[in-house]
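Undergrad: Let me begin by handing over the structure; questions about it come next.
The values are calculated or read from the model by the stated rules, or taken from the named source; none is laboratory data. Owing to the predicted nature of the structure, the values given are computational and were not obtained by experimental measurement. Using ideal geometry, Cβ is built from the backbone for each residue, glycine included, and neighbour counts are taken over all protein chains shown. Areas reflect the complete protein model, heavy atoms only, side chains present, ligands, DNA and RNA absent. Shrake-Rupley method; radii C 1.70, N 1.55, O 1.52, S 1.80 Å.
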Amino acid sequence: LAKTTQPISMDSYEGQEVNITCSHNNIATNDYITWYQQFPSQGPRFIIQGYKTKVTNEVASLFIPADRKSSTLSLPRVSLSDTAVYYCLVEGGFKTIFGAGTRLFVKA
Amino acid sequence: NAGVTQTPKFQVLKTGQSMTLQCAQDMNHEYMSWYRQDPGMGLRLIHYSVGAGITDQGEVPNGYNVSRSTTEDFPLRLLSAAPSQTSVYFCASSSLGGGPNTGELFFGEGSRLTVL
């Protein structure tokens, strides 16, 4: 199982773009990269998933370089409600393992 | 659409007692799993299932049993509760889509368990 490393915490201000980078040096060929968001007292919520290059949906973008050893979650124009913990997962097979996550705190 | 439903939401047990945390999903998902989350930490996988009759261990399976008799239900049993099992437990499900990886996981609201 590929281990992921991400910053423990980040601070931002409303309206800024936030980029959270995740390192996964041992990613396997069949692994996908997935990001989840978790608010206090709630279960995680799926944000985005990708395999390579760039993926974009209505809430975020995911950038994956050619070597796939890292990935960057980009949140455009964050608001106070984006304050949460963000988890980067490398998924291969059925053991979906969460790391410690990145605590994002958005200030007014 | 109910999604993933967990019961109970809160439970207090004494050391040595047994109990079952219930999890049900109405999305016809093949994959279901249980996680525990301790304060300030990420989620740790306890057990998972890829279909009725099929279960396997995750990262922290000791002290927990599971079974999957139907597609909809995936109960988690604590046979003899210990204070170290005080945690918030999350159930999740996903469609496998015929592939070898889990798809988007849908989580329940969690069950907060305290063992005295």
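Undergrad: Residue pairs, Cβ under 6 Å, 6 or more apart or interchain, first in the stretch A:70-95 and more than 30 Å from B:Gln57 (Cα to Cα) and open to solvent by 20 Å² or more (accessible area, probe 1.4 Å), second modelled with pLDDT of 95 or more and among the aromatic types (Phe, Trp, Tyr). List them.
TA: Close Cβ pairs satisfying both conditions: A:Thr72/A:Phe63; A:Thr83/A:Phe105.
Undergrad: Which number in (1) open to solvent by 50 Å² or more (accessible area, probe 1.4 Å); (2) closer than 25 Å to B:Ser87 by Cβ; (3) out of contact with any Phe, Trp or Tyr (no Cβ under 8 Å at 6 or more places or on another chain) marks the one condition that A:Thr4 misses?
TA: For A:Thr4, the exception is condition (1).
Undergrad: Give B:Leu116, B:Leu96, B:Leu76 a once-over and let me know the one that is among the aliphatic types (A, V, I, L, M), within 21 Å of A:Lys95 (Cβ to Cβ) and more than 15 Å from the chain's Cα centre (by Cα).
TA: Answer to the selection: B:Leu96.
Undergrad: While we're looking at this one, here's another question. For the stretch B:104-114, state whether one or more residues are farther than 25 Å from A:Gln42 by Cβ and open to solvent by 10 Å² or more (accessible area, probe 1.4 Å).
TA: No, the stretch B:104-114 contains no residue that is farther than 25 Å from A:Gln42 by Cβ and open to solvent by 10 Å² or more (accessible area, probe 1.4 Å).
Undergrad: Hey, another quick one. Working only within the stretch B:69-89, note down all residues that are part of a loop (DSSP other than H, G, I, E, B) and open to solvent by less than 10 Å² (accessible area, probe 1.4 Å).
TA: Within the stretch B:69-89, the subset part of a loop (DSSP other than H, G, I, E, B) is B:69-72, B:74-75, B:79-82, B:86.
Matches in the stretch B:69-89: B:Phe74, B:Ala81.
Undergrad: Could you check A:Ile47 against (1) modelled with pLDDT under 95; (2) of a type in the set (Val, Ile, Thr); (3) touching a strand residue (DSSP E or B) at 6+ places or on another chain (Cβ under 8 Å) and say which number it fails?
TA: Only one criterion is unmet by A:Ile47, namely (1).
Undergrad: Any idea which residue in the stretch A:27-63 is farthest from A:Val90 (Cα to Cα), counting only those that are within 11 Å of another protein chain (Cβ to nearest Cβ), assigned to a strand (DSSP E or B) and open to solvent by 80 Å² or more (accessible area, probe 1.4 Å)?
TA: Among those residues, the one meeting the criterion is A:Arg45.
Undergrad: Now a separate question. Is it the case, given these coordinates, that A:Ile97 is of a type in the set (Val, Ile, Thr), in a loop (DSSP other than H, G, I, E, B), within 14 Å of the chain's Cα centre (by Cα) and facing chain B (nearest Cβ under 10 Å)?
TA: Working: of a type in the set (Val, Ile, Thr): yes; in a loop (DSSP other than H, G, I, E, B): yes; within 14 Å of the chain's Cα centre (by Cα): yes; facing chain B (nearest Cβ under 10 Å): yes.
Judged against the criteria, A:Ile97 is a match.
Undergrad: Still on this structure, please answer the following. Among what's in the stretch B:15-68 and is under 26 Å from A:Gln37 (Cα atoms) and of a type in the set (Lys, Arg), pick the residue that is most open to solvent (accessible area, probe 1.4 Å).
TA: Of everything passing the filter in the stretch B:15-68, B:Arg44 is most open to solvent (accessible area, probe 1.4 Å).
Undergrad: Moving on to the next point. How about the stretch A:13-26: which of its residues are out of contact with any helix residue (DSSP H, G or I) (no Cβ under 8 Å at 6 or more places or on another chain) and either assigned to a strand (DSSP E or B) or modelled with pLDDT of 95 or more (or both)?
TA: Looking only at the stretch A:13-26, we keep the residues that are out of contact with any helix residue (DSSP H, G or I) (no Cβ under 8 Å at 6 or more places or on another chain), and these are A:13, A:15-17, A:19-26.
Correct list: A:Tyr13, A:Gly15, A:Gln16, A:Glu17, A:Asn19, A:Ile20, A:Thr21, A:Cys22, A:Ser23.
Undergrad: Across the stretch B:35-58, what is the number of residues that are part of a loop (DSSP other than H, G, I, E, B), more than 12 Å from A:Phe94 (Cα to Cα) and either away from every other protein chain (no Cβ under 14 Å) or in contact (Cβ under 8 Å) with a residue 12 or more places away in the chain (or both)?
TA: 3
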